[in-house]
Amino acid sequence: MEGMTSDSDLTTGGTTPDSPETPETTGMPDWEKRFRAPRVSLPDWAEDAPDRSLFISNATGTYELYAWDRATGTQRQATDRPNGTTDGALSPDGEWIWWFRDTDGDEFGTWVRQPFAGGADEPATPGLEPSYSAGLAIGRDGTAVVGRSTDEEGSTIHVVRPDGSEPAVVYRHRESAGVGDLSYDGSLLAIEHTEHGDAMHSALRVLTLDGATVAELDDSRGGTEELGLEVLGFAPVAGDTRLLVGHQRRGRWEPMVWDVAAGTEEGLAIELPGDVSAEWYPDGSALLIAHSFEARSELWRYDLAARELVRVDTPSGSVSGATARPDGTVEYQWSSAAEPAAVRSTAGGVVLDPPGFRPPGSVAVEDLWVEGPGGRIHALAQRPVGHGDGPFPTVFEIHGGPTWHDSDSFLATPAAWLDHGFAVVRVNYRGSTGYGREWTDALKHRVGLIELEDIAAVRERVVADGLADPARLVLSGGSWGGYLTLLGLGTQPDAWAVGLAGVPVADYVTAYHDEMEALKSLDRTLFGGTPEEVPDRFEASSPLTYVDAVKAPLHIVAGVNDPRCPIRQIDNYVDRLAARGAVHEVYRYDAGHGSLVVEERIKQVRMDLEFALKHLPLR
């Protein structure tokens with residue numbers, strides 16, 4: 001189970017904007033209800049014990065892991081830490097819950113485990129020192145394959161046997177790499193690696209557990225045209241050496257079946273227009289297809305023998321996760337911008353419905369297609385209800401990643417701005433996923449500047465359309481969105497009235513030297529080298545270069561334990577603002593790259609709202 005931190009992934013319950021008041025919500029503004037409402041993630045289930053599941057919930061006010069025995073209906077909280085826990089997995093037999101223990105959100109730690117039924121935590125990987133996680137796979141005999149990343153060693157992959165013997169290194173390289181999957185019988189290990197030096201496009205290797213190479217798949221094509229590959233999973237059948245692989249050979253993500261023993265590759269006739277991912281049905285006879293296109297997603301079933309594609313009925317909106325169960329039903333988490341998420345089943349009804357009040361809904365999105373310097377740009381716009389016809393003060397809420405995209409899904413933060421009379425615009429700039437490989441790869445070398453060109457084109461459009469008030473525009477975002485906020489305020493100083501930057505890259509050279517090793521690899525790919533090798537590119541793309549041009553009042557939120565956008569480089573930027581008396585405020589919180597504590601999230605959104613309302617000019 002991957003860590004989940006976005007608003008949409010963990011929101012629960014299909015509701016309407018006029019959800020009834022309860023004693024616990026009386027007097028609470030709607031925007032706070034959306035954060036405080038109990039939420040759950042899509043449950044993972046143990047492969048050989050499907051009644052045993054693991055999910056994430058904020059029921060205590062902090063996101064933690066929960067065990068759920070479907071046979072008895074019993075649920076229990078499995079982890080309890082001040083800054084929360086979201087990285088966990090079940091062993092195939094369902095007997096153990098594995099979870100990653102870091103320190104206050106710094107992402108640097110070790111795996112521990114506890115019995116599914118409850119009990120004390122114990123070290124799961126004795127002999128391995130703390131590191132950044134680079135994946136985990138657990139075999140049916142208790143063997144675990146653990147991916148690690150450190151500044152000193154680069155990427156290493158270790159086999160940890162249940163007999164307590166010393167962990168064995170089966171892979172080591174300076175460039176980024178990670179665990180893909182173990183075969184059903186635990187004899188084969190698939191890994192993703194970037195030995196060719198392009199961290200945006202992985203190659204694949206299949207190994208035995210003693211480290212011997214069985215097969216290779218590399219679409220890098222000698223650097224002339226970098227294409228990516230990803231591990232989607234081994235067939236869930238004993239003795240089956242088929243590996244489901246994602247590839248980009250036709251300009252978008254789509255699956256194929258690679259039989260690593262036979263050396264054959266089987267393309268799949270899935271003619272859908274967007275990016276396609278897949279996972280196996282539990283008997284290995286079919287694939288559950290996830291199709292993402294133009295900010296929406298849908299599910300299909302692909303029968304491998306009949307080569308037949310059949311639609312799995314889901315409402316219009318976004319499916320943020322799905323899994324096929326042994327009985328053939330599909331469980332999925334769905335939401336739209338207007339309707340909060342629920343974990344549903346094709347058998348009918350809600351799968352997991354936590355107790356407590358439900359969040360209010362919000363406002364549907366409008367699609368905007370804008371001609372930009374690199375092609376048509378897709379943006380999503382929302383208008384506040386009950387605040388006139390506009391033009392409105394408008395927040396450009398810029399997504400992180402950068403390899404991510406905004407979708408028609410429920411998010412508590414944009415809904416808060418809408419409640420306060422702001423329009424919200426989200427831009428799937430070049431670099432975003434879901435619009436083909438060329439769109440995602442376009443931001444190399446002119447990092448940040450390309451994205452801002454697309455944001456500027458959308459800004460001009462919404463101003464011309466009368467949606468946005470050009471004097472009251474807010475540039476806002478977290479992580480890569482926070483980076484683009486700072487860069488945008490410096491390179492487009494007359495365009496923005498207020499800036500709100502959460503956990504941003506601010507001084508790119510210092511950020512490179514202080515960040516986790518896997519991100520160093522990504523930055524070398526984006527820029528074409530290190531700051532010492534291509535200093536002009538780093539300077540052109542660093543917000544610190546333009547800090548003295550910033551005019552807009554600026555609010556910065558930073559995590560003091562953040563390994564992705566470390567605190568020292570933010571302090572360098574803030575010192576420059578302070579030296580010239582620029583209007584700014586900085587809030588530092590004691591966690592990492594985002595908080596898993598509900599009240600902390602609410603506090604940060606409230607500060608952003610109050611800062612914008614204080615500094616925006618009156619209409």
Failed item in (1) under 21 Å from Val583 (Cβ atoms); (2) open to solvent by 10 Å² or more (accessible area, probe 1.4 Å), with Gly490 passing the rest: (2)
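Could you list, in sequence order, the residues of the range 225-251 that are hydrophobic (A, V, I, L, M, F, W, C) and in contact with a strand residue (DSSP E or B) (Cβ under 8 Å, 6 or more places away or on another chain)? Spell out how you get there, then give the answer.
Of the residues in the range 225-251, the ones hydrophobic (A, V, I, L, M, F, W, C) are 227, 229, 231-232, 234-235, 237-238, 243-245.
Leu227, Leu229, Val231, Leu232, Phe234, Ala235, Leu243, Leu244, Val245, listed by residue number.
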Can you name the number of the only condition in (1) part of a loop (DSSP other than H, G, I, E, B); (2) open to solvent by less than 60 Å² (accessible area, probe 1.4 Å) that Glu532 fails? (2)
Would you please list the contacts, defined by Cβ atoms under 7 Å and residues six or more apart or on different chains, that run from a residue in the range 262-281 that is of a type in the set (Ser, Thr, Tyr) to a residue that is part of a loop (DSSP other than H, G, I, E, B)? Ser277/Trp253
Exactly one of Ala324, Ala341, Ala381 is touching an Asp or Glu at 6+ places or on another chain (Cβ under 6 Å) and open to solvent by less than 20 Å² (accessible area, probe 1.4 Å), and that residue is Ala381
Exception for Val583 within (1) touching a strand residue (DSSP E or B) at 6+ places or on another chain (Cβ under 6 Å); (2) open to solvent by 10 Å² or more (accessible area, probe 1.4 Å); (3) β-branched (Val, Ile, Thr) falls at (1)
Among the residues of the range 194-219 satisfying the criterion of being open to solvent by 10 Å² or more (accessible area, probe 1.4 Å) and of a type in the set (S, T, N, Q), which is nearest to Thr433 (Cα to Cα)? Ser202
Go through (1) part of a helix (DSSP H, G or I); (2) closer than 13 Å to Val395 by Cα; (3) open to solvent by 10 Å² or more (accessible area, probe 1.4 Å) one by one and return the number of the condition Trp439 breaks. (2)
Index of the failed condition, Ala117 passing every other in (1) farther than 29 Å from Gly594 by Cα; (2) crowded, with 21+ Cβ neighbours inside 10 Å; (3) hydrophobic (A, V, I, L, M, F, W, C): (2)
If you take the residues in the range 298-311 that are over 17 Å from Gly246 (Cα atoms) and out of contact with any Phe, Trp or Tyr (no Cβ under 6 Å at 6 or more places or on another chain), which one is surrounded by the fewest Cβ atoms within 10 Å (Cβ to Cβ)? Ala305
Taking only pairs six or more apart or across chains, which ones have beta-carbon atoms under 6 Å, a first residue in the range 315-335 that is within 9 Å of Leu42 (Cβ to Cβ), and a second residue that is outside any strand (DSSP E or B) and open to solvent by less than 10 Å² (accessible area, probe 1.4 Å)? Gln333/Ala341
Can you say whether Val330 is under 30 Å from Glu24 (Cβ atoms), modelled with pLDDT of 95 or more, open to solvent by less than 50 Å² (accessible area, probe 1.4 Å) and hydrophobic (A, V, I, L, M, F, W, C), as far as the supplied structure shows? no
What is the one condition in (1) in contact (Cβ under 8 Å) with a residue 40 or more places away in the chain; (2) crowded, with 23+ Cβ neighbours inside 10 Å that Gly431 does not satisfy? (1)
What are the residues in the range 120-138 that are open to solvent by less than 40 Å² (accessible area, probe 1.4 Å) and assigned to a loop (DSSP other than H, G, I, E, B), if any? Ala124, Thr125, Leu128
What pairs come up if the first residue lies in the range 590-614 and is open to solvent by 80 Å² or more (accessible area, probe 1.4 Å), the second is β-branched (Val, Ile, Thr) and not in a strand (DSSP E or B), and their beta carbons are under 7 Å apart, counting only those six or more places apart or on different chains? Asp590/Val560
If I ask for residues that are under 22 Å from the mean Cα position of the chain (by Cα), acidic (Asp, Glu) and at pLDDT 95 or above, which ones from the range 410-453 would you list? Glu451
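The values are calculated or read from the model by the stated rules, or taken from the named source; none is laboratory data. Keep in mind the model is a prediction, meaning the values are calculated, not measured. Quick reminder, even Gly has a Cβ in these numbers, built from the backbone with ideal geometry, and neighbours come from all protein chains shown. Note: areas computed on protein heavy atoms with side chains; ligands, DNA, RNA excluded. Shrake-Rupley method; radii C 1.70, N 1.55, O 1.52, S 1.80 Å.
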